[in-house]
Every structure is written in C-alpha cells, then in structure tokens.
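*Asks:* Following this message is one structure expressed as structure tokens.
The values are calculated or read from the model by the stated rules, or taken from the named source; none is laboratory data. None of these values were measured; they are calculated from a predicted model. No Cβ is skipped: glycine too gets one built from the backbone with ideal geometry, and neighbour counts run over all protein chains shown. Heavy atoms of the whole protein, side chains included, go into the accessibility calculation; ligands, DNA and RNA do not. Shrake-Rupley method; radii C 1.70, N 1.55, O 1.52, S 1.80 Å.
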Amino acid sequence: MTAEPTEVLAETDALELLVCGAIEIEGRLVDASNTTLRAEISLDGVTRRCVYKPVRGERPLWDFPDGTLAGREVSAYLVSRATGWGLVPPTILRDGPLGPGALQLWIDEPEAAEALIGFVPAYDVPPGWLPVAAARDDDGDAYALAHADDPRLARLAVFDAVINNADRKGGHVLYPATGSVHGVDHGVSFHVENKLRTVLWGWTGKPLPEEAVDVLASLRQELGGALGEALEEHLTISEVQHVGLRVKRLLRAGRFPKPPADWPAIPWPPI
C-alpha cells in the first residue's frame, strides 16, 4: 500500500530522503519524451513519491551535446535554492535501479488547484491576467494564451531567464496545497545561446521587481564561489560563465527580457 504524505518535508529532510532512501519504481510517465519514472522512496519510516530520470533513458539532443539532461535538472535546483524562492523541488543526482539519474521530490497538486496559465476566450481574459499570444480553436473561435500577473510566476519568469529555460510549458508549473508555485522539467536549460522559450512573456520589457534585483545581485556573487563550483560538476565551464552573463545583463537592463527574434518564443504545445 502506498504511504500518503502527512506533512510537507523540510528541504534538508527531503534531500536526506532522496540521497539515502530506498527506491522502488511504480511506473513510467508515458507523456514524457525521455524515460521518466515515478517511484517511492523510503527512509527510517518516511515514504514519499519521487520522479526518477535515468541518464540511460535520455534521447540525444543535437543542441545539448554536453553533459546530461539529469545534470541540468540538478543545476536548476541548485540555482533555485540559491535564490531562496523554492521554485524547484529538491533534486539530486544519484544511482538508482536503472543507473545514475536525477531524483526529484514528487509534488502533489490538490484536485481543486487552479492553474495560473492557460487558454482563455480572447474577449474574456480574467482580470489581473496578462495575454501572451493569440490563438483559435478548431471552430475558429478566438482565444488568448495568458497567465496571471502573479508575483510567484514573476519569480519563475526571472528564474527561467537566468537558466535559459528552453521549455517552460504551462504544464511544467505545479500548484501544491502550500500555496507555492513549483517549476519542473529543466533538462533543456543552461545553453550558451539564447534559447529562452516560455509561456511567461506577460511582463516583457517591464521593470524587474525590487526583490528580483536583490536576488540577482546575490546570485552574481554566489556564482563566483560555491554555486559556480557546484554547477561546474554538471555543466561546462562556458555554460556556467553564461549563467553569470545572463544575470549581469538582467541587472543592467533592470527589465524582464524580450522574446528572442531567432528562436521560437513559445514552446509547443504551450500547455
């Protein structure tokens, strides 16, 4: 019988569970393009679900030839932890039943959780939402891809710009019962070329929140020390250097980035 979580684990406890726990695979998430497995992990009477992405199940990508997607998943968590925003669930790299891979704490969403990103009728964009792109359904009715003007999503947009996330779909944003917002699936991030592709373009060109400026300034310092050293275990030296360059450019501009002109700005499918 599956043990249901009774409380939210502290981050240090979650990391200990991921590092030392016994893994039992439950099954494969069939919608994922790379091998993605749901598993249970147990340690000292504590059992939680996790996502296990073995390196051996990764499909080669011509534009991400260096390192592993699993290493990029871990790198995204390391940057998230450094921001203090808690955007990425605890994630580590360890041996599992199918060899080395990324192991990430599973995030449960309540059935009543309301998404902050989606397609809405073009004539009825909810108050406080920001339209991103126009679309039509099979019947020709007009819709808008939009998201809430929510500070939690704004943090995620800044984070994605830092890690150069090439695949921020709406379905990669989770809404746990705690009221926080989590981003997952960061395997195609940290490229040295601008590949930012996201559904969170609603703040394009607008000034960064003051808290984001403070966090970016702190990140810039940490990249020259322990954070940079930790990232170099999973990324190339050039990729780590470009994280710092992106932070520097964001601070210099003081604004949310604009969509790239030479790269599709929105992932497909968006949701």
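*Asks:* Which strands (runs of 3 or more DSSP E) sit wholly inside the range 1-108 and have at least 2 residues that are open to solvent by 30 Å² or more (accessible area, probe 1.4 Å), at pLDDT 95 or above and of a type in the set (A, V, I, L, M, F, W, C)?
*Replies:* Once the strands (runs of 3 or more DSSP E) in the range 1-108 are filtered for at least 2 residues that are open to solvent by 30 Å² or more (accessible area, probe 1.4 Å), at pLDDT 95 or above and of a type in the set (A, V, I, L, M, F, W, C), what remains is 22-28.
*Asks:* So, one more: Filter the range 123-143 down to residues that are more than 23 Å from the chain's Cα centre (by Cα) and surrounded by 16 or more Cβ atoms within 10 Å (Cβ to Cβ), then give me how many there are.
*Replies:* 1
*Asks:* Of the numbered conditions (1) within 17 Å of residue 78 (Cα to Cα); (2) of a type outside the set (A, V, I, L, M); (3) in a loop (DSSP other than H, G, I, E, B); (4) without any contact (Cβ under 8 Å) to a residue 24 or more places away in the chain, residue 233 satisfies every one except a single condition; which is it?
*Replies:* So the condition that residue 233 fails would be (4).
*Asks:* Against the conditions (1) part of a helix (DSSP H, G or I); (2) within 19 Å of the chain's Cα centre (by Cα), where does residue 221 fall short? Just the number, please.
*Replies:* Of everything listed in (1) part of a helix (DSSP H, G or I); (2) within 19 Å of the chain's Cα centre (by Cα), residue 221 misses just condition (2).
*Asks:* Continuing with this model, one more query. So which residues in the range 165-190 are crowded, with 21+ Cβ neighbours inside 10 Å, not aliphatic (A, V, I, L, M) and not in a strand (DSSP E or B)?
*Replies:* The answer is 165, 185, 186, 187, 189, 190.
*Asks:* Separate question: Keeping to the range 135-163, report how many residues are touching a Leu at 6+ places or on another chain (Cβ under 8 Å), among the hydrophobic types (A, V, I, L, M, F, W, C) and not in a helix (DSSP H, G or I).
*Replies:* Looking only at that region, the number is 3.
*Asks:* Working only within the range 229-271, note down all residues that are charged (D, E, K, R) and under 18 Å from the mean Cα position of the chain (by Cα).
*Replies:* Listed by number, the residues that qualify are 239, 246.
*Asks:* What number of residues within the range 236-258 satisfy the criterion of being touching a strand residue (DSSP E or B) at 6+ places or on another chain (Cβ under 9 Å) and assigned to a loop (DSSP other than H, G, I, E, B)?
*Replies:* 2
*Asks:* Moving on. Any residue in the range 93-107 that is farther than 27 Å from residue 223 by Cα and within 21 Å of the chain's Cα centre (by Cα)?
*Replies:* The answer is yes; a qualifying residue exists.
*Asks:* Also, quick follow-up: Across the range 192-211, what is the number of residues that are outside any loop (DSSP other than H, G, I, E, B) and under 17 Å from the mean Cα position of the chain (by Cα)?
*Replies:* 1
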